[in-house]
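What follows is a set of notes on a single structure, which appears directly below.
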């Protein structure tokens with residue numbers, strides 16, 4: 001199904017009008033900036049209802065197959081809808097892991113039964129998903145996962161724990177990497193990948209208080225938790241390949257996500273407004289030549305993201321380094337957010353010491369909270385250090401070590 005420019009323009013106008021009319025009002029409490037900060041039931045309910053409303057309006061899952069609850073339409077329509085959500089800064093879609101990682105994975109590798117069972121609930125936010133990759137003692141060494149999955153007939157018995165399980169408190173399912181064969185020849189063998197129900201005996205989710213005071217992170221404990229072998233994704237002991245496919249979706253290196261944005265990122269236009277309001281030596285900070293120079297650099301960098309996104313879809317422009325833009329996108333965007341927020345705090349001078357809840361805090365302390373939260377992006381989905389290694393080895397061809 002191909003669409004001409006007139007049809008695309010009409011759809012863009014339709015989407016723009018819908019979000020302008022339906023953008024939620026301020027709920028009266030501080031909304032999270034991403035799925036990693038959803039701590040309270042109040043926040044979760046608000047965001048789940050918002051995702052359901054966007055889906056029912058037809059602006060989520062547009063390119064996913066119709067038989068599983070999607071729209072069955074060209075990807076370009078979802079791209080238009082997603083860009084409009086970002087442009088209008090509407091709340092993010094809370095089922096991030098389901099929409100962007102688990103869902104695409106299931107559509108790509110799952111059985112027909114798994115697609116029918118899981119995809120509709122991901123889209124309408126009935127079924128929230130979390131991720132069980134990181135463990136307390138292994139950090140970024142995903143291949144060294146030690147949570148045990150021991151076969152017992154047609155079931156697996158799970159023992160161990162996972163950490164940083166964002167949305168774990170609210171999730172119905174978890175994508176889980178576990179060690180099913182401790183005697184395998186290498187640490188990458190003997191791992192299995194599961195789609196685990198969370199509301200079963202032996203699964204306990206314990207919230208973790210972050211530096212920001214929020215409770216978006218959790219640690220999940222498994223104590224003799226039993227799951228049927230139908231929860232396996234892929235083959236038994238073949239979980240490493242499934243995990244790598246999942247990370248490709250998570251880092252945006254492979255397309256197929258349902259759409260929508262996953263976080264309320266700051267942009268340079270907001271920092272420009274701050275620079276006009278902040279004072280430096282009794283004058284607006286934006287009049288300082290050094291401030292202006294930094295702002296121009298941020299403007300150029302932000303523009304480069306949009307241009308690179310377009311460039312990645314023009315094969316002759318990326319033929320020498322295929323996949324390089326997609327692989328570097330996560331690293332570039334998260335580090336940009338960290339630096340942008342840090343610069344915004346520097347504009348506030350001594351007032352940067354005020355935090356959320358302090359009446360003297362600029363814009364309710366959102367820049368301070370955003371700065372702290374920006375480090376989550378540089379860690380989750382592979383730390384910036386790991387991302388540098390991936391680019392060096394897989395794009396530039398540099399040797400390991």
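The values are calculated or read from the model by the stated rules, or taken from the named source; none is laboratory data. Predicted model only: the values in this text are computed from it and were never measured. In this analysis, Cβ positions are derived from the backbone assuming ideal geometry, glycine residues included, and neighbour counts consider all displayed protein chains.
Taking the conditions exactly as written (surrounded by fewer than 23 Cβ atoms within 10 Å (Cβ to Cβ), over 30 Å from residue 40 (Cβ atoms), free of Cβ contacts under 8 Å to residues at least 24 places away in the same chain and outside the structural domain of residue 37 (by TED's automatic domain parsing)), does residue 185 satisfy them or not?
yes
In segment 1-42, which residues are surrounded by 13 or more Cβ atoms within 10 Å (Cβ to Cβ) and in a loop (DSSP other than H, G, I, E, B)?
3, 23, 24, 27, 30, 31, 32, 33, 38, 39, 40
Yes/no per residue for (1) out of contact with any helix residue (DSSP H, G or I) (no Cβ under 9 Å at 6 or more places or on another chain); (2) farther than 27 Å from residue 352 by Cβ; (3) touching a residue at least 40 places away in the same chain (Cβ under 8 Å):
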| residue | (1), (2), (3) |
| --- | --- |
| 273 | yes, no, no |
| 285 | no, no, yes |
| 288 | no, no, no |
| 294 | no, no, yes |
| 301 | no, no, no |
| 304 | no, yes, no |
| 314 | yes, yes, no |
| 321 | no, yes, yes |
| 334 | no, no, yes |
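For segment 71-88, check the following and say yes or no: at least one residue is assigned by TED's automatic domain parsing to the domain that holds residue 50, touching a strand residue (DSSP E or B) at 6+ places or on another chain (Cβ under 9 Å) and either in a loop (DSSP other than H, G, I, E, B) or surrounded by fewer than 22 Cβ atoms within 10 Å (Cβ to Cβ) (or both).
Looking for residues that are assigned by TED's automatic domain parsing to the domain that holds residue 50, touching a strand residue (DSSP E or B) at 6+ places or on another chain (Cβ under 9 Å) and either in a loop (DSSP other than H, G, I, E, B) or surrounded by fewer than 22 Cβ atoms within 10 Å (Cβ to Cβ) (or both), one finds none in segment 71-88, hence no.
Of all residues in segment 125-139, which are surrounded by 19 or more Cβ atoms within 10 Å (Cβ to Cβ) and either assigned to a loop (DSSP other than H, G, I, E, B) or modelled with pLDDT under 95 (or both)?
Answer for segment 125-139, where residues must be surrounded by 19 or more Cβ atoms within 10 Å (Cβ to Cβ) and either assigned to a loop (DSSP other than H, G, I, E, B) or modelled with pLDDT under 95 (or both): 125, 127, 128, 133, 134, 135.
For every residue, the table says whether it meets (1) more than 18 Å from the chain's Cα centre (by Cα); (2) over 20 Å from residue 246 (Cα atoms); (3) free of Cβ contacts under 8 Å to residues at least 24 places away in the same chain.
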| position | (1), (2), (3) |
| --- | --- |
| 65 | yes, no, no |
| 72 | yes, yes, yes |
| 91 | no, yes, no |
| 96 | no, no, no |
| 102 | no, no, no |
